[in-house]
1. For region 45-169, report the accessible area per residue in Å² (1.4 Å probe, heavy atoms, rounded to an integer).
2. Using Cα centres only, tell me the gap between region 102-127 and region 57-75 in whole Å.
3. If the limit is 20 Å between Cα atoms, which of LYS107/LYS171; LYS51/LYS107; LYS16/LYS75; LYS75/LYS116; LYS107/LYS204; LYS49/LYS155 go over it?
4. Using the 2.2 N^0.38 Å rule of thumb for compact globular proteins, work out how the chain stacks up: its C-alpha Rg over that value, please.
5. Computed FRET efficiency, Cβ-Cβ of GLU186 and GLN134, R0 30 Å: what is it to the nearest 0.05?
6. With a 1.4 Å probe and every protein chain kept in, tell me what percent of the accessible surface of the chain is carbon plus sulfur.
7. Treating only the Cβ of Lys, Arg, Asp and Glu as charged (+1, +1, -1, -1), what charge dipole size does the chain show about its Cα centre? Round to the nearest 20 debye.
8. Quick check on the chain: helices-only [θ] at 222 nm, where DSSP H runs of length 4 and up contribute -39,500 (n - 2.57) each and the sum goes over total residues. Nearest 500, please.
Amino acid sequence: MLREELSLAVQNGKAKDVAALVEQGLADGETAQNLLAGLLDGMGVIGEKFKNNEVFVPEVLIAARALNRGTGLLKARLVEEGVEPLGTAVIGTVQGDQHDIGKNLVKMMFEGAGLKVVDLGVDVSPDDFVAAVQEHHPQILGMSSLLTTTMGSQKDVVAALAAAGLREQVKIMVGGAPVTQAFCDEIGADAYTADAASAAEVAKAFVTA
């Protein structure tokens, strides 16, 4: 019952209700893992609705804020319980591109799918992507471009990872308005998705395969 209430509170973007339910659950002896499952259920529903154009970016952002309120309260307890994220993803907007709304949505959806996300921000150079893969050992590297003029940087990152001997260690996901499946195939990336919710589904499949 509490799990369903948490799910609904996230879907409705009610951060205060999420916090109260999490605190109540912990006081009643619920495991942090079970409470987290309720939060992720809610974000999963929002992701599916977003993919189907039933909700839009503002609703996703509000739901994500509620989710983050709950996960923040659970963080220490999850560590105590030894709960590990499903996997790690490094994400960023490529060099020369300052757009971050799409990237931020992907980050929220990834976190909602149970992944740890290392967000490198915008205007990220190929060398910085390589350094982050070396440091964090992610299963996934996600790149975004909103401009046709910056798409080529995605190819540069794939090449830089190959030159560093890291290409086979990470699944490369690409996205952004001008990016297509054909471009993904051309540069040798592993996956292209048209929206953040689909990206989270693919990422989850990669780390649980």
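The values are calculated or read from the model by the stated rules, or taken from the named source; none is laboratory data. Model, not experiment: these values are computed from the prediction. All Cβ positions, even for glycine, are placed from backbone atoms using ideal geometry, and neighbour counts span all protein chains on display. For the accessible areas, the whole protein counts, side chains as well, though only heavy atoms, and no ligand, DNA or RNA atoms are used. Shrake-Rupley method; radii C 1.70, N 1.55, O 1.52, S 1.80 Å.
1. Numbers: 6140 Å² over 125 residues.
For region 45-169, the solvent-accessible area averages 49 Å² per residue.
2. 15
3. Values: LYS107/LYS171 16 Å; LYS51/LYS107 15 Å; LYS16/LYS75 17 Å; LYS75/LYS116 12 Å; LYS107/LYS204 13 Å; LYS49/LYS155 32 Å.
Beyond 20 Å: LYS49/LYS155.
4. Numbers: Rg = 17.5 Å, N = 209, 2.2 N^0.38 = 16.8 Å.
It is 1.04.
5. On the way: r = 26 Å, r/R0 = 0.86.
Efficiency, from the Cβ-Cβ distance: 0.70.
6. On the way: 5140 of 10070 Å².
Here it works out to 51 percent.
7. On the way: 16 positive and 28 negative charges, 34 e Å.
Charge dipole, the chain, about its Cα centre: 160 debye, nearest 20.
8. Working: 9 runs with 123 residues, N = 209.
That calculation yields -19000 deg cm²/dmol at 222 nm.
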